[in-house]
Structures are given as structure tokens and as C-alpha cells.
Amino acid sequence: MHESSVVGQWVSAPGAEDIVTGKARYCPDIQLPGMLTGKLLYSPHVRARIKNLDVSKAKDIPGVYAVITHADIPGENSYLYAYPDQPLLAVDEVRFQGDAVAAVAAVDEKTADAALEAIAVDYEVLSGIFDPLEAMKPGADQVVAGQSNVMMQMTYTSGDVEAALASADVIVENTYRTQWAEHAFLETEGGVARVDDEGVVTVWSSCQAPHRDRMQIARSLGLAESMVRVITPYIGGAFGGKDEAHVQIHAALLAYAARRPVRLIRGRRESMLTHVKRHPMIVHCTTAASKDGRLLAVRARVIADAGPYSNATHEVLNKFGEFIGGPYKVPNLEVEKIAVRTNNPITGAFRGFGAPQAAFVYESQMDDLARKLGMDPLEIRLLNGVETGTQLFTGVVVREGRAMKASLRKAAEMIAWEKRDQCERSPAGHLRRGWGMATILKGAGLGRGLADHAGVLLEMHRDGSLVINSAAADMGQGIITLMAQLAAERLGLDLSCVRIDRADTAKAPDAGASCASRQAMVSGNAVLIAADEIRDTLLSLAARKIKVSKDRLDLRNGRLLVDGEIHDLTVQNLAERASVWGYPLHAQSRYHLEYPDDAPEVAYRFSSEFFQFCTQIAQVLVDCETGQVKVEKLVAVHDAGKIINPGGVYGQIEGGVAQGIGYALSEELVVVEGHTLNASLENYVIPMALDFPELDIHVLEMPELAGGPLGAKGVAEGPIIPTAPAIRNAILDAIGKPLYQLPMNAERVLAALNP
Amino acid sequence: MNSPQYIAVESLGEALKIKQEQGAHARVIAGATDLILRMRDRVFSPKLLVDLRQVSLDTISCHAGEMRLGAYVTLSQILADDEITVLFPALVEACRQFAGPPIRNLATLGGNIVNASPAADLVPPLMAYDANIVLASSAGERVLALAEFFTGPGQTVMQADEILTQIRLPLMPPDSASWFIKLGQRRSMAISIINLSIRLTLGAKGAVSDARIVLGAAAPTPLRAVAAEALLIGKELSDQQVDQAAVEASRETSPITDVRASRNYRERMTQVLVRRALLASWDDLGRSGRNE
Amino acid sequence: MSEMDIHLTVNGNPHKVQAEPAKTLLCVLREDVGLTGTKDGCSSGDCGACVVLLDGRVVNSCMVLAPQADGARITTVEGLAVNGQLHPLQRAFAETWAFQCGFCTQGMLISCYALLLSNENPSREEILIAIAGNFCRCTAYQNVVKAVQQAAAEIRERGNREGIPHA
């Protein structure tokens, strides 16, 4: 295949010029005639019975167009990600700080605020349930009356763990704790809704799953889905936090009630108090090995604090369990997954989806094991790492596994792992330097047995320009760029000839959510299929016209190539000819992530079969007097299968590492009895530019031909996963003390030093 | 928030007259980086905002052995001032580590004082330099040691009719060194877990003739660790003296536990950082005979 | 609660708006001047998405009250391109993927633009200090550094800084 002029090249994103000039419209920038401001009223209590709710005074305020409570919802009063157990507006009880009780729409923010103040709610405050270990005990007060606080309890077993433990030479057994973590997408959640004269509800939604939004909005409005249209404007980040619906449903309900357009944007504090967080988990893990360092068994029991509602808890815990074995050959494994309801913040999807917590556990265990065995951390990982053909404990066979060890070796080379002891280990009396690694695997795609498909619509015009209609949400990760590149590549077009709009359910078929590192694979492949259909028409016409067999023809840089030589005919000529002759140049395609027929039966529910591999090595400097950890340097080696959009790939890796550093060292929602005490960007401490280490990224290209387009794999989640354990292991190397709790902030490091 | 009225006065006298008439209902607005948040949270609900930006309170001048800084001097102005950089390095370092550039262009020296945050970054160095402040009212001016200004978190001795107009910094005696350390959770945009500033002055015989140890976020107000200072004054510096003073300073604190750190951590860090600051200043003073 | 007349020169164009004194410059720019390029990420001075130039200095426009800006010259992201020609920084940001979602970009560009006004060849550290108040969650700090240095080189090569508007 020839060197591509678009695929694999640094190209500007479609829309980049709109972003750098300030023209790009995000939800808060949308202005419609007569538009109202929507706002939600939240409970000041984390658990209370609503004895009385009186909105009459609010309705009387001039300029207030709608005040709605649960009683005013025409359809279903619930979110629906998987289970419909979280109300949009509380009915008789509030169960966490983010439960809304009423929504208002008014001419401006001030009037909306006045309306919220005029709503009288009589609460009977109830004592909440905040400790998952207490909540799961039999007889505990129920967070949701009539339902067990144990939302989920499942055990998966592969092999004979008991026997393996009995025969092991070395065992490490530890309890890990992780924190609530916040996405902190820079654009808070928002929705703008309008009802037109025909009754069609159009919602501009800052979301990851426009078609799922459409379904949820329709079912709450009691309308057919055909009467609802969801458009994603520019989206200011999401990271899983906009996978589940937020205020777009409320905006639609308000617009429907007020019969005027409504814009509802969460403030930063409101955002932090209301949307799902990364699950805090308590994980007890036992890892056993033979004296030569071979893994014999892993046993893990995770207890996750889910908050009061399901959200994506079942799915996140399922993925936690799927990845708890790491990228290793683990002959015997048992994982028990427990999720518990509390009156704490709700929890759900966040980049990595359970895998970051799992990796913190299994990669910490690997270093503890290596220390106990006197082995080098690199050596024990290479010894146990999966390869192409390895059958994982889930039953899945790794089809392309070279990147596991290749990424380890490359990262070690980049940081000069073998020569690290030539570096100054203690540059001053109170400073200690150390190096630590972590390597992970993470599935790309939803998993076997789940509908994992995307559709797309392409149309070429008679001038050779192309429009791609896709409903894949681009939150900044670059899926739009990737789709444009693939289409341009196949049709021999310059990228400037490809127009791709933001996701719109009225223009494009369902592409599913932008989650699970899946869009590059599913929407990418869908674009290739549709583009190939148009390409085939063009080439057939060309073949007929110049009387050359089709297989000698190609399209490139806007020209027809015959046996690789430029021909007079252009893509535009061919498009024009197709139009005149009446050949269609539009194509709709759908790609379903196919799991290979010859793969063995998979034992673990919803297992992924396409994997991202990633290794990171951190070099840290620990101040032993203050406990502060500085990440001096970090190398990240990631397998992208094939790089299509380098800007997106490198960006996703850098972003994952940055979020991983925050997760490792400083990010933590401080929640006391259900109340979050640091719901601001001032007090929820995310590293900024000056805190960023020297970062060296290397991207491996080991095509996964069964999966993504041209062998590409999703890379969105992998990069955040190894960072925290790599830093943990570097701290261990520096100070000789292991940490078992995230974040490893200065106080915790100091406590480890001075127990 | 309910919007107050706003006036940009043309003279200090006009502002003082307003304050005399309206007291706490009229609030002086300077950088507003804190005021806006407090108005939104309804901590303050002033009826009138009095802006003195046309009154030239943003000047820096050197007067008979002291530096005078107007209350409206921004942190960026301080950072850009060559004389201050040489004469009051701890103050400059505090400004350098303060928030980020866009906030430093707005936030003022006066605002950081009047806010009376226990964690205010600029106050420890100012107190270490024995800053005086000028409080004006329609009755006249009074000059007061900054150390006597604070009474609690957000609380000061400033009367409702007074306006902070100027900060006066006496030049350090020769053979003095000063230092600032901030312990934050990140390198920019951080509220201090602990901040501190120290000043040491050596007398003719090489002994410490004067010392200041001022701690932020360690007590309800910025705190001078006088007992620790006393352990140093009149003595020749030694590692043992430094260690003792650091321990003593820590004993003088009464910090709180909050989302940033525990009380215990703040106490421990006070000791660690006071020691570091003292050693660094000692180095600046040309420490001799000490082996690191 | 009376509104005041506020006079602003935004990107070279005079504007007169009526605003309550407690309204922030950010809201005035977005709602009254109609320039939504400047973003609201936190309303509390913590994120830098609302950074604009006020009389040549970078400020968080959410931390400035409208009357405090009365009479000021403001430069927003919309003012960086001249006659449809992108500023070298804007081009470099787009080419190097110095953003992903783009929500921080407007403020980030203004901070970097201000840096280039006073420093024609900034180092990595100087750039990081200049953007120390600009939060980017997708994280493209490395590419911001690359973009600023690329733009600086281009501007130097041209040897012509008159091309920069409202300096």
C-alpha cells in the first residue's frame, strides 16, 4: 500500500479553526430566540423524606415560565443507563447530595434563582448510611426501601485458587483503598432544548451518547423517539462523565412545559456535587507465585461504594473483575465483586471503567511480589506477561499480544531502566529518588454479547466534495478527525474536501456511545465500508470509461491513478459522471464489532477481546520530610495498533498520563457523611502545567487486524490506567515503603515513612 | 447575588466620606478576586462598592528608609519592581508562587491583607519585615503594625469607616536575610497548607540580633512565633539553635484540619519548614563552619 | 440595582453596554457584547478559561466586575485573527493539537499571546509559567509549549511584530 497523505499524518482537526478563533459553539454558547434559563433545586440534605413540596410561589413570579416537579413529568421519571433507579426529580425521598427536587425555567438567571428560593420544601431529615462495610451487613438500614443495600454480589472463578495457594512458595496479601475521583471536564454538563411547531423536541446536549440521550428524553417526555432529535455541539471534555445523562432530560422537560427554548447549564460546584464519580473501592487481594516468580493464583474481593443508585456500577465492576488479572498468565483466579448502596455520591463511568482501580491493585501486588522474591520488576513482568495466543482467565484468547512485552522493553529502554542505579538516588539528605513501572491491558469495545455497532452515512457530491454524517460524539478525543481521514484516504480526497458535522440523531444512524475506547474501531470501520462503496462506484465508472480493469485503478490526491500513474481523470470528473449517469454516490453502512468465529467460548461475561497494551515508568523524587512526591519524568509506551490520527493518539496519551498523575497523588473528593467538602477546582487538586513531568511518549504499531480500521485500536482509556501504580512503585523504590491507598498525597506518604 | 451600587471615586476624601456615612454597607473594591466570590456566597452583601482605582493607590515609592506600597499595588507590580526584588525577596517569592498570572494581575497587596485569610501568602513576609499599615478615615490616618491588625479569620481591627491605603516596609538592617516557603498541593493555583516567612538579622558580634518567624495557615490569624524567635535572639546560630526554634515554632501553632491537610500535618510541617527557612537564611548570611 | 453604562473597546471596536455593577466582565462579553469565545469553566478564577487581555494584562474575566473594566481595552480570542488571517499562534495551536476539546483554548491562547508580546523567544519553563493559571483537563500542555515556540519562531522570522493587533 502506498504511503498515505492523510492517514497517520499530523492533520488539523476539522473544526480546529473554529476553536482557535472562538467560533466553536458549545452548549453554553447556544442562543435561541426567546430562550429561557433552566435551573434545578437540590436537596440540602443527603438523606431526607420530602414531606411537602410547594412550588406555587415560584410559579407566581413574573418571568418564570415553568416550574416542574416529579408530578409534572409526562413519561418515566428516571434515568436509564442500565437500570431505571435514579429519579430525574425526587419523589418522596432524597438519597444523595445531587438529588434534584424541582426544575424551573425563567427569563434570566436571576429570576430563575428567585424561583428556586421561592420553592418551599419540607424535609424530614433522615440519618444516612455512609460506610459501605456497615451498609452491607444484614439488617442494615436500607438506602432504598425494600431493596438490599448489596446492589450486586458476583463471584467468578477460574481454576482452583485454593489448591494453588496451598502449593505456592510466596504469597502477598494486601488491602487497597481508592478514592472518589472527579472528571472535571472543563465544560460542565449542559443541554439546550426547543420544541418546534410540529412538536419535535430538539436537544443540544453535551454528551457522549446522543442516541441513548434521545431514548431517555423520549421516554421521560412520553414521546416517540422519532419526535426527539439530539445534536451534540462542540463538547468541552467528558471522560466518561457525560456517558450517562445529566441535565439534557430536564432541559427538554422544561422546554416542553414552558413551550419556549430552555438552556440549562450546571455550575461548577453543582456539577461536582451531582454527576457520577469514579468508584471508591476497597480491594483485598492475594497473589501467589512459585519461587521462580511464576504467578500461580490471584484472589480478589472488591467492595465498591456505589452511592444510592446503580448508574454504571454493575458494568464498572464487571470490567474491574475482567482486568484484575492484569496482562498476565494467571492460571487460577477468583474475583468477588460487591457493590453497596450508600447515601454517598453516585458513581459510574470514568475513563478506564474499573480498570484503573484494578491496575493499582495488580501492579502494586507485582512489585510487592518482586521484592519478596528478590526479582527485578521488569523481569517478573516479562516472565508472566501474556503473548499472542495466551488464553486469559476469562477464557479469551489474546489474538495480538506482542505489544505487552514490547511495550515493557521499549519503556525500559527509554528510561534506561538497567542503568537507573547510576542516577543519584539521594540528591539531598531529605530527598529520595525512585523508579517504578506498571503495565496493563484494557479492552477496547464494549465486550462480547453487547450490541457494539455504529452506523454512518456518506454522500459525495458531483463536485467531488464529501459529507460524513455520523452520530459518534466527539468530546475532544478526535473521532471526527479520524473518520474524515479514513474517508479521505479511501476516496483519494484532500481532507479539506471532507465535511463532517457534529453528531445529530436526525442526520445519522446510531453510533452508540463514545466510550470504552470503541469509536475509532466501530465508527472508523463503518466509514471505511461506506467509503469503499462509493469508491467502488467511482472506480467502476472509471474502468468503464477508460476501459481498464478496476483492480488497476486507485484514487489519490483527487486524481485517478492507473497502475499507480496519474491519469487525467479527477475524482471530481468521476463524481460528476456518476451524477449525470444517475449512479448513487451515497452509502450507509453499519459496522458491528465482530468477535472472531474461531474464538473459544468466553466464560467471563461481556469480555473484551481487543486489547490496548500500555507500559509506563515513572521517576519520582520524594521529599521525606514533607511527604511530597514530584514526578520528575515519565515514559509511556502505548500500542495503538496503527496510528491514524497522531494528534489524537498523542493527545489521548498525554491526557491519560496527566489524569493518572492527579489520580495517583492529589485528586480526591473529600466526602464526609455524604457531603462533598471540596467541590471546586480550587480544592479538588488537579495538577496543572507546572506540575507536569517531562513526558516521553512512544507509540507502538502492532495492527489488530481483526478489530479496528487498518488495524487501529482505541487508545482513549489505556493511558490513565498504569500511571498511579507506576508512581506507587516508584515511591516504593524511593523510600522502601509500600502504599496501599490512593491518592498518595503528602500526608499518606509521610505516614508510610513514619508509621 | 443582589447587585450593589458602584462608584469610582475621584479622591480618597470622597471615599472616606462615603465610608463615614455608610460604614460597612460601603465596601472598597480592589482586585475583587475574593470579593466577587464572597458576594456570590452572600458572605458580604454590600450596598455600595467603592472603587479607588482613580486615586493612585497603586504606587510604589521609597521614603526615608522605608518602602511605601499603595494598597492597590498588584502582585504583578511587585514582581516587576527591581527594588523590591532586592530589598524584600521573601515578599517577591510569595508573589511569585501566588495563584497564576491572570490572578496576580488583579489581586492586590491591600486585598490580601484586608481579607484576613489565615492562609494569606503575602502576610507572613510583610510581618517578617515589620510592615506597618496606614488606615485612613475621615478623622485622619492611623499607622499600625500589621502584626496587630488581625483578630481572627476574616476579622481585623479595621473600623467600618476606615480604608487601608498604604503598606510601609522599613528597610531591613544590614546583615539581614529573609526567606519564604509555601507548602501547597501543586506549583500554581494552590492555597497554602502552610506558608511561612522568616527574617534573621545578625548583630556586630555575629549573634542574632533580631528574628522574625511568621506562620500562615497555622492559627486563626497569621502568627508570629515569638517564643521561637526568642530562642534565637542573642545567640549565635547553630544547628541546635535552629532545630530548637523549629520545634518551638511548631508548638506555638494551633492549626485546623481541613480539606487540604490535618492539624497534625500542619504542626509537623511547621517544624520542617521553619528549620529549612532558617537554614536557608543562615546560608544567605554566609554561614561558616557548618558541614551539610 | 440600577444598571450602569459601561464603555469597552473590545478587539478594537467600541461598545457601550448597560450592566448591573455585580455583573462580571465575562458575562458582559458573552451576553452583551455577544462574544462567546471566552468561556466560563468555574466562575471562580480557578480555571483560566475566561482569560482575556484587559489593557494589555491577562486577567480572569470572571474576576472583574463590569464597572471595573469601564473604559478598558479588551482583547478576546475573537480579536487575535486580523482580516480573517489567523495569528501564528492560532495556526500553531491547530496544527500541533495544542488542545483536544478546545474549551480551555481561548484562555490558553490569550495567555500565550500575552507572553509573546513581552518575550519573543520563550523557554519551556517560561511558557509553563505563563499558562500556570490555565487549566486543561484533556491535557495538551506539551503541545501548547510546542505551539508557542513554533509561533514565536514564525514571528521572529518575519521580523515584524506590527502584525499583532492591539498590542
Before we move on, is B:Ser250 of a type in the set (Ser, Thr, Tyr) and either in contact with a Leu (Cβ under 8 Å, 6 or more places away or on another chain) or surrounded by fewer than 16 Cβ atoms within 10 Å (Cβ to Cβ) (or both)? no
Just to be sure before I move on: is A:Glu336 under 19 Å from A:Val283 (Cβ atoms) and not aliphatic (A, V, I, L, M) in the structure I sent? yes
If you take the residues of the range A:23-63 that are farther than 30 Å from C:Ala147 by Cβ and among the acidic types (Asp, Glu), which of them is farthest from the other protein chains (Cβ to nearest Cβ)? A:Asp54
Can you pull out every residue in the range C:114-138 that is part of a helix (DSSP H, G or I), within 12 Å of chain B (Cβ to nearest Cβ) and crowded, with 19+ Cβ neighbours inside 10 Å? C:Ala114, C:Leu115, C:Ile127, C:Leu128, C:Ile129, C:Ala130
Could you please find all residues in the range C:83-104 being of a type in the set (A, V, I, L, M) and without any contact (Cβ under 8 Å) to a residue 40 or more places away in the chain? C:Leu86, C:Ala94
One residue is enough: does the range A:361-383 have a residue meeting the conditions in contact with a Lys or Arg (Cβ under 7 Å, 6 or more places away or on another chain), assigned by TED's automatic domain parsing to the domain that holds A:Tyr740, of a type outside the set (A, V, I, L, M, F, W, C) and at pLDDT 95 or above? yes
Those residues that are touching a residue at least 40 places away in the same chain (Cβ under 8 Å) and surrounded by 24 or more Cβ atoms within 10 Å (Cβ to Cβ), I need them from the range C:47-66; list them, please. C:Cys47, C:Gly48, C:Ala49, C:Cys50, C:Val51, C:Val52, C:Leu53, C:Val58, C:Asn60, C:Val64, C:Leu65, C:Ala66
Output the qualifying pairs, or none if there are none: Cβ atoms under 7 angstrom, residues six or more apart or on different chains, first residue in the range C:129-156 and within 20 Å of A:Ile697 (Cα to Cα), second residue basic (Lys, Arg) and surrounded by fewer than 23 Cβ atoms within 10 Å (Cβ to Cβ). C:Val145/C:Arg124
Inspect all residues belonging to the range C:72-79 and state whether any of them is assigned to a helix (DSSP H, G or I) and among the aliphatic types (A, V, I, L, M). yes
Residues of the range A:657-698 being surrounded by 21 or more Cβ atoms within 10 Å (Cβ to Cβ), touching a strand residue (DSSP E or B) at 6+ places or on another chain (Cβ under 7 Å) and under 22 Å from C:Ile127 (Cα atoms), which ones? A:Val657, A:Ile661
Name the residue, out of C:Leu109, C:Leu35, C:Leu26, that is facing chain A (nearest Cβ under 9 Å) and under 25 Å from B:Arg53 (Cβ atoms). C:Leu35
Quick one: in the range A:11-22, which of the residues that are part of a loop (DSSP other than H, G, I, E, B) and facing chain C (nearest Cβ under 7 Å) is nearest to A:Glu189 (Cα to Cα)? A:Gly22
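Being closer than 19 Å to B:Leu169 by Cα and either within 13 Å of another protein chain (Cβ to nearest Cβ) or in contact with a helix residue (DSSP H, G or I) (Cβ under 6 Å, 6 or more places away or on another chain) (or both) is the filter here; which residues of the range B:87-106 pass it?
B:Ala90, B:Leu91, B:Val92, B:Ala94, B:Cys95, B:Arg96
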Matching residues in the range A:451-475 - criterion: being surrounded by fewer than 24 Cβ atoms within 10 Å (Cβ to Cβ) and of a type in the set (Asp, Glu): A:Asp452, A:Glu459, A:Asp463
Are any residues in the range A:463-498 in a loop (DSSP other than H, G, I, E, B) and farther than 27 Å from C:Phe103 by Cα, and if so, which ones? A:Asp463, A:Gly464, A:Ser465, A:Gly492, A:Leu493, A:Asp494
Within the set of pairs 6+ apart or on separate chains, which have a first residue in the range A:659-688 that is free of Cβ contacts under 8 Å to residues at least 40 places away in the same chain, a second that is of a type in the set (Ser, Thr, Tyr), and C-beta atoms under 6 Å apart? A:Asn678/A:Tyr684; A:Val685/A:Ser666; A:Met688/B:Ser188
Within the range A:203-302, considering only helices (runs of 4 or more DSSP H) that don't extend past its boundaries, which have at least 2 residues that are touching a residue at least 60 places away in the same chain (Cβ under 8 Å), surrounded by 24 or more Cβ atoms within 10 Å (Cβ to Cβ) and under 21 Å from the mean Cα position of the chain (by Cα)? A:210-221, A:268-274
Return yes or no: is A:Tyr156 more than 24 Å from A:Gln86 (Cα to Cα), away from chain C (no Cβ under 14 Å) and in contact with a Gly (Cβ under 7 Å, 6 or more places away or on another chain)? yes
Please go through the range C:57-71 and give me each residue that is more than 12 Å from the chain's Cα centre (by Cα) and in a helix (DSSP H, G or I), ordered by number. C:Cys62, C:Met63, C:Ala66, C:Pro67, C:Gln68, C:Ala69
Of the residues that sit in the range C:1-18 and are facing chain B (nearest Cβ under 9 Å) and under 17 Å from A:Asp108 (Cα atoms), which one is surrounded by the most Cβ atoms within 10 Å (Cβ to Cβ)? C:Glu3
Scan of the range A:229-270 for residues that are within 14 Å of chain C (Cβ to nearest Cβ), over 19 Å from A:Ala516 (Cα atoms) and touching a Gly at 6+ places or on another chain (Cβ under 6 Å), ordered by number: A:Ile265
For the range A:538-637, which fully contained strands (runs of 3 or more DSSP E) count at least 2 residues that are outside the structural domain of A:Lys419 (by TED's automatic domain parsing) and under 30 Å from A:Arg462 (Cα atoms)? A:553-556, A:559-562, A:565-570, A:586-592
With the requirement that a residue be in contact (Cβ under 8 Å) with a residue 40 or more places away in the chain and either in contact with an Asp or Glu (Cβ under 8 Å, 6 or more places away or on another chain) or within 11 Å of another protein chain (Cβ to nearest Cβ) (or both), what does the range B:1-27 give you? B:Met1, B:Asn2, B:Pro4, B:Gln5, B:Tyr6, B:Ile7, B:Ala8, B:Val9, B:Leu16, B:Lys19, B:Gln20, B:Gly23
Taking the range A:23-58 and keeping residues polar (S, T, N, Q), touching a residue at least 12 places away in the same chain (Cβ under 8 Å) and in a helix (DSSP H, G or I) leaves none
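A quick yes/no check of all residues on (1) assigned to a loop (DSSP other than H, G, I, E, B); (2) over 30 Å from A:Pro33 (Cα atoms); (3) acidic (Asp, Glu); (4) in contact with a Phe, Trp or Tyr (Cβ under 8 Å, 6 or more places away or on another chain):
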{"residue": "A:Val91", "(1), (2), (3), (4)": "yes, yes, no, no"}
{"residue": "A:Val104", "(1), (2), (3), (4)": "no, no, no, no"}
{"residue": "A:Lys110", "(1), (2), (3), (4)": "no, no, no, no"}
{"residue": "A:Ala115", "(1), (2), (3), (4)": "no, no, no, no"}
{"residue": "A:Ala145", "(1), (2), (3), (4)": "yes, yes, no, no"}
{"residue": "A:Met152", "(1), (2), (3), (4)": "no, yes, no, no"}
{"residue": "A:Thr157", "(1), (2), (3), (4)": "no, yes, no, no"}
{"residue": "A:Glu162", "(1), (2), (3), (4)": "no, yes, yes, no"}
Among the candidates C:Thr76, C:Thr36, single out the residue that is at negative phi and surrounded by fewer than 24 Cβ atoms within 10 Å (Cβ to Cβ). C:Thr36
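The values are calculated or read from the model by the stated rules, or taken from the named source; none is laboratory data. If you're wondering where the values come from, they're calculated on a predicted model, not measured in any experiment. FYI the Cβ positions are ideal-geometry reconstructions off the backbone, even for glycines, and counts take in every protein chain you see.
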